[in-house]
1. Between a residue in the range 277-294 that is within 24 Å of Gln97 (Cβ to Cβ) and among the aliphatic types (A, V, I, L, M) and any residue that is in a helix (DSSP H, G or I) and modelled with pLDDT of 95 or more, which pairs come within a Cβ distance under 7 Å, given they are 6 or more apart or on different chains?
2. Can you name the residue in the range 141-153 that is closer than 21 Å to Lys66 by Cβ and of a type in the set (A, V, I, L, M) and is also nearest to the chain's Cα centre (by Cα) among such residues?
3. Please find, within the range 188-200, the residue that is modelled with the lowest pLDDT out of those that are assigned to a helix (DSSP H, G or I) and over 26 Å from Pro163 (Cβ atoms).
4. Tell me the residue from Gly203, Gly240, Gly214 that is over 24 Å from Leu183 (Cβ atoms), of a type outside the set (A, V, I, L, M) and in a helix (DSSP H, G or I), please.
5. Would you tally the residues in the range 68-116 being of a type in the set (Lys, Arg) and over 23 Å from Lys266 (Cα atoms)?
6. Can you report the number of residues in the range 11-58 which are over 18 Å from Met208 (Cα atoms), among the charged types (D, E, K, R) and in contact with a helix residue (DSSP H, G or I) (Cβ under 9 Å, 6 or more places away or on another chain)?
7. Looking at the range 92-140, which of the residues that are over 22 Å from the mean Cα position of the chain (by Cα) and of a type in the set (Lys, Arg) is farthest from Tyr186 (Cα to Cα)?
Amino acid sequence: MRKKYLDWLRALAIMGVMLVHVVAEKLNGYAGDFSWQWLANPVWGGVGRGCVVIFVLISGATLLGKKEENWKKFLTKRWLRLLLIYILWQIVYYWRQKHELPSIQHLITQESTYHLWYMRMILGVYLLVPPLRLLLAKLDEKKLKIILGGWTMTVVMAGMIAPDVGQHGAPLSRIFSYGVLLLWGYYLSKLPERKNGWLGIGGWLAAMIIMTAGLISSWTAEGWFDERWHNNLSPLVLGGGIGLFYGLSQMEKKLPKLKMVEVLSKASFGIYLVHLIPWENLKKISYFDGTWPNDWLGVPLAGGMVLIISWIVVVVYQQISTRVLTLLKKVVG
């Protein structure tokens, strides 16, 4: 049975990805005046900033509780499939830039485009699923809370000392840093209903406001800012993402079941993989570069257009692949 709150979280997270990537080029290295129009970019970026945290939390909630799936089945059914998808999109994006196939070394050590860092990270984090399942089978709630607390504090402290550890750090540091979110997702998904979901949503909103204000206040004349305010492993981004997850999970019975939310949820992974292609083309058009009619309206407008086009591409691909597979089965059969 599908959980409505997971569909809502996936839909909100993929919308957040669109916002973050639309404003990214306007934030990194910006050395202009802090105009009212420009301020829309860190604000919208702040709204979407917890998207990665939410996606990993969802993985923990959906994967760690599947005790009937042994580690061999998990690695062959899920991890290997994910690896093949990653390699395919590595080739696609590399070909778009270089018009040639990437080397084996490139496939292993580099990302063909910046958003594929998430795929490399999640491939590593997924390797923690089998041992974490074994660990959870032996833990009571008290011991789980102790491990969660100690692991979380270590990750937060590492993120404050070395802000790049989450996205640009060594593979093992990524696995360790994001792995704790698998446990958080599992833990939050098992909590009984307490009817205080608004506290979690309020915590997310407060964290995003403080994070955005701190980000703007830390800006330098050269156009750089303190990464510790908005990197994925900062206390505010982690806390905000966990708060939103908790809030919506506690509101499962109250959340409306919307077809649009379910559609976005089912297509969110494909949208993530493909969305940079329509965005790179749309931003060449002045009406869809995130500035028309102004930045406050232009950013969500551009993000919405990228989302819709990416969803159409995913649906068309799914329809074609389904028909091709059906045809192949008839031919072989």
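The values are calculated or read from the model by the stated rules, or taken from the named source; none is laboratory data. Nothing here was measured: the structure is a model prediction, and the numbers come from that model. Here the Cβ positions follow ideal geometry from the backbone for every residue, glycine too, while neighbour counts run over all protein chains shown.
1. Qualifying pairs under 7 Å: Leu282/Ala302; Leu282/Met305; Leu282/Val306.
2. Checked the range 141-153; the qualifying residue nearest to the chain's Cα centre (by Cα) is Leu148.
3. Top of the filtered list is Gly197.
4. Gly214
5. Total satisfying the criteria: 3.
6. Adding up the residues that qualify gives 1.
7. Looking at the filtered set, the residue picked out is Lys98.
One line per residue, one yes/no per condition, for (1) at pLDDT 95 or above; (2) aromatic (Phe, Trp, Tyr); (3) surrounded by fewer than 22 Cβ atoms within 10 Å (Cβ to Cβ):
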position	(1), (2), (3)
Trp151	yes, yes, yes
Thr154	no, no, yes
Ala158	no, no, yes
Ile161	no, no, yes
Gly169	no, no, yes
Ser177	no, no, no
Leu181	yes, no, no
Gly185	yes, no, no
